[in-house]
Amino acid sequence: MSVEFESCTHRYRRGPLVLDRLSFAFPAGRTVLLGPNGAGKSTVLALAASALRPSAGSVRFGALDPAVRSQLRSYRRDVGWLPQQVTAVPGMTCREQVAYAGWLKGMARGEAWTGAVPALDRVGLAKKADQQASSLSGGQLRRVGVAQTLVHAARLVLMDEPTAGLDPAQRTAFRRTVERLSEVADVIVSTHQTEDLWEVYDHVVVLAGGTVRFLGTVDAFRALAPPGAAAGREAEAAYAAVLGDGEE
Amino acid sequence: MVFRLHLRANAAFAAAGPLLVVVLLYVFAEEVGGGPDGYWVAGTAKAVSALMFIAPVVAACAAWEAGRLRRAGVAGGAPVRGGFRIAMASLSPVLALGLLALLVSLVGVRVGMAAAPGWPEPTILAAAVVTLCGWLAVGYALGVWLPPAASVPLALVGGYLWQVYPPALEPLWLRHLTQPARGCCTSADAVAAGGLSGPALAAVALAGTAVAAAALSRRAPRRGAPGGARSVLVTAVALLVASATGVAAVRAVSGLGPDAVAARSADELVCADAGAATRVCVWPEHERRLDETVEVVRTAVAGLAPVGIAPPALVTELPHQAAQYEPAAGGEDGAVTGGAVTDGAATDDSASGGTPPSTGSPDQWTITVRAATSFTTDDIRAGLAADLAGALLDGGSRTPAADCPADPADAADQGFQAANHLFAWLAVRAGTEPQEARDRFDPQLWTAVGAALDGDDAAQAAWFRATLDRAGCAPR
């Protein structure tokens, strides 16, 4: 079960069309969403999270349609959402922030409070549970963000450029986080970084100009790399091949 | 919320100490309009006047909390909870602080009251809570729209100015939109209905505007998407409610003067007989001193009847304009119904033993009683004498003495001097010890009064009538 877009069109207020009758389904498992700036990656993820409502068309997760008011609660409870900017809630500790996120996602207070520690443990931050979230580094804060999506037992976790601004060590730690996360939920991650695709993800979706240019397994994506692509740069080469000249 | 975060990290937690200190300082320092004297309506009004500090702080805390939600990106986090639940989770500690501050103010006022039968006035408290909720909503809306650096000071300063500036403006009723029961009450007053419904409706109007603003904002946490049909509907309904309640608020207060008061119902008076024909009535908060007051009246009646001042049918705390007493047959079960004092001959002179004819003495005397023990029996007696002197001097049937000086200034001087003599003489006849009276009054004045008091009752009655006539020389 995954997110399906059906004739989905979206336009921000007074802006140009970002998505025009987009129809596709994210595969289950670990999926990376690639695309140049302005391709509509964040819009797609925000629509999938139901943080945005499409101007036309529909988004579904299994049988759940967020446009149907009675299904919105279930939809949002099932879909975890880590936006591009993870912010420390002023005055809160890590555990409080994670518990609060759980409460916002409909969990009972006590349940969210109890579930916050295992969620932090899953992202390797259990020892920092009682530390002010505002005192964490950017990478740690993103892991708190991941814990926020875990605490309410989401079945699908969406992450918008979670590795932007992280140093190599933090990216490695984040990769492990995604691996552990995928044991309990499907994961969709948008990113510009292609160097570790093979180790982390099962599927690749390339979005450009509001349309899906590629959707397939990582092996199929690797196969798009032209012969003679430099070792370790196959993903970049395949990505360039999908987009065609001048796209990036 | 049981989350520690909603208490420990909440702005209300930090603001509680300073606010409660300010409220306590205010309650114990503020003496404008006098103390409530055991009268809970006045006491409750005084307690809720601390809203001038509480409401701005509550609004500022709400603005800060909205800013936290805004900075935390809750609106973009696709929450399952509805916007109202999310807001209330953050705002409930703030509201609790406001209610606690009101409670502290109320307790502070109660501590300052010597006796306080009954309970705080619930209608005033209800209007205060509605006002508080209005400011909570306004602060939240400001915090949704503006960054904390702007919203918090704006809520704090703007809220304070809203509370304290309108009383300096015309028209006078403007002040009653800001705070319930403003200017209420002396013992003789009740709170005017418009003084409660006006500010409550104005607070609902403020809250409606705030809700409309929050519903329009893309930064307000909500379950649905901003700009959706539901947001538009909420905005429209909120604006409609704000308009209707705003108009209703102005209509409710537009008839009020500087104080939100109405005449207190005479039905509240607690009465007892002081002799066959005289009934004494005090406000319930002074009931503990009713026996003492009855004794003062009994003594006064006994002292004044022999010199021609007839026992009144009623001695009451209700001011003249509002009192009307209809003694039942035998004078045992009279009822105070509200009305005007009579000014005619004595009704029943049984206590005087048929002494000199009465001198147009009033059928109702006004008395002043206070709950505080610092207000002594002598103070009650002096008040009685002063009120009686005033009533006698204002009596419509009196004619000025024939030998009033021709010069108006001299006439006035003679009239005022005679009035002072009369007051001192009445005090002693009403039961004040001569030594006490000597201490209270000007020695020069006392010479004439002392000489009069040395005469027998008939001589004093004649002196009284002559002095009353001389007092009539003063311009009226």
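The values are calculated or read from the model by the stated rules, or taken from the named source; none is laboratory data. Worth saying up front: this structure is predicted, and the values here are computed from it rather than measured. For neighbour counting, all protein chains shown are included, and Cβ atoms are generated from backbone atoms with ideal geometry for every residue, glycine included.
Descriptive notes on the structure:
Here is a yes/no grid of residues against (1) of a type in the set (A, V, I, L, M); (2) under 20 Å from B:Val80 (Cα atoms):
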{"position": "A:Gly102", "(1), (2)": "no, yes"}
{"position": "A:Ala116", "(1), (2)": "yes, yes"}
{"position": "A:Ala119", "(1), (2)": "yes, yes"}
{"position": "A:Val123", "(1), (2)": "yes, no"}
{"position": "A:Ala126", "(1), (2)": "yes, no"}
{"position": "A:Leu136", "(1), (2)": "yes, no"}
{"position": "A:Val189", "(1), (2)": "yes, no"}
{"position": "A:Leu207", "(1), (2)": "yes, no"}
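- Residue in segment B:126-136 that is assigned to a helix (DSSP H, G or I) and within 30 Å of B:Arg289 (Cβ to Cβ) present: no
- Only a single item in (1) in a loop (DSSP other than H, G, I, E, B); (2) hydrophobic (A, V, I, L, M, F, W, C); (3) more than 29 Å from B:Pro167 (Cβ to Cβ) is not met by B:Cys281, and it is number (1).
- The set of residues in segment A:88-107 that are in contact (Cβ under 8 Å) with a residue 40 or more places away in the chain, at the interface with chain B (Cβ under 9 Å from one of its Cβ atoms) and under 23 Å from A:Ser42 (Cα atoms) comprises A:Ala88, A:Val89, A:Ala101, A:Lys105.
- Within segment A:151-179, tally of residues that are at positive phi and surrounded by 15 or more Cβ atoms within 10 Å (Cβ to Cβ): 2
- From B:Ala452, B:Ala385, B:Ala448, B:Ala424, residue being without any contact (Cβ under 8 Å) to a residue 40 or more places away in the chain, closer than 25 Å to B:Arg289 by Cα and assigned to a helix (DSSP H, G or I): B:Ala424
- Test: residue in segment A:46-60 that is crowded, with 23+ Cβ neighbours inside 10 Å, over 30 Å from A:Phe214 (Cα atoms) and touching a Pro at 6+ places or on another chain (Cβ under 6 Å): no
- No other residue among A:Arg53, A:Arg21, A:Arg14 is part of a loop (DSSP other than H, G, I, E, B), of a type outside the set (Gly, Ala, Ser) and either more than 10 Å from chain B (Cβ to nearest Cβ) or touching a Cys at 6+ places or on another chain (Cβ under 8 Å) (or both) apart from A:Arg14.
- Considering each residue of segment A:56-68 in turn, none proves to be within 21 Å of B:Ile86 (Cβ to Cβ) and more than 10 Å from chain B (Cβ to nearest Cβ).
- Single residue of segment A:112-125 satisfying the filter (under 27 Å from A:Arg171 (Cβ atoms) and of a type in the set (A, V, I, L, M)) that is nearest to the other protein chains (Cβ to nearest Cβ): A:Ala116
- Residues within segment B:115-137 that are in contact with a Gly (Cβ under 6 Å, 6 or more places away or on another chain) and modelled with pLDDT under 90, tallied: 2
- Long-range neighbours under 6 Å by Cβ, at least six apart or interchain, first residue over 20 Å from A:Leu19 (Cβ atoms) within segment A:54-75, second of a type in the set (A, V, I, L, M) and part of a loop (DSSP other than H, G, I, E, B): A:Gly62/A:Met1; A:Arg73/B:Val80
- Residues within segment B:24-41 that are at pLDDT 75 or above, small (Gly, Ala, Ser) and within 16 Å of B:Gly183 (Cβ to Cβ), tallied: 0
- Members of segment B:362-379 found to be within 21 Å of the chain's Cα centre (by Cα) and either part of a strand (DSSP E or B) or buried (at least 19 other Cβ atoms within 10 Å of the Cβ) (or both), listed by number: B:Thr366, B:Ile367, B:Val369, B:Arg370, B:Ala371
- Residue satisfying condition, being of a type in the set (Asp, Glu), surrounded by fewer than 19 Cβ atoms within 10 Å (Cβ to Cβ) and part of a helix (DSSP H, G or I), within set A:Glu199, A:Glu195: A:Glu199
- Qualifying residue in segment B:113-128 (condition: among the polar types (S, T, N, Q) and farther than 26 Å from B:Gly43 by Cβ): no
- For segment A:30-42, the set of residues classified as without any contact (Cβ under 8 Å) to a residue 60 or more places away in the chain and either within 13 Å of another protein chain (Cβ to nearest Cβ) or crowded, with 24+ Cβ neighbours inside 10 Å (or both) is empty.
- Which listed residue, of B:Ala276, B:Ala181, B:Ala242, B:Ala249, is part of a helix (DSSP H, G or I) and either within 14 Å of another protein chain (Cβ to nearest Cβ) or farther than 20 Å from B:Ala87 by Cβ (or both): B:Ala249
- Unique match (being touching a Cys at 6+ places or on another chain (Cβ under 7 Å), of a type in the set (A, V, I, L, M) and closer than 27 Å to A:Leu104 by Cβ) among B:Ala207, B:Ala150, B:Ala137, B:Ala141: B:Ala207
- Residue that is within 14 Å of another protein chain (Cβ to nearest Cβ), buried (at least 18 other Cβ atoms within 10 Å of the Cβ) and out of contact with any Ser or Thr (no Cβ under 7 Å at 6 or more places or on another chain), where the choices are B:Ala75, B:Ala116: B:Ala75
For (1) within 12 Å of chain B (Cβ to nearest Cβ); (2) touching a residue at least 12 places away in the same chain (Cβ under 8 Å), each residue gets a yes or a no:
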| site | (1), (2) |
| --- | --- |
| A:Gly110 | yes, no |
| A:Lys127 | no, no |
| A:Ser134 | yes, yes |
| A:Arg143 | no, yes |
| A:Ala154 | yes, yes |
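- Here B:Arg218 clears all of (1) touching a Lys or Arg at 6+ places or on another chain (Cβ under 6 Å); (2) part of a loop (DSSP other than H, G, I, E, B); (3) among the charged types (D, E, K, R) except the condition numbered (1).
- Residue within segment B:45-52 that is touching a residue at least 24 places away in the same chain (Cβ under 8 Å), under 30 Å from A:Gly106 (Cβ atoms) and either away from chain A (no Cβ under 14 Å) or assigned to a helix (DSSP H, G or I) (or both) present: no
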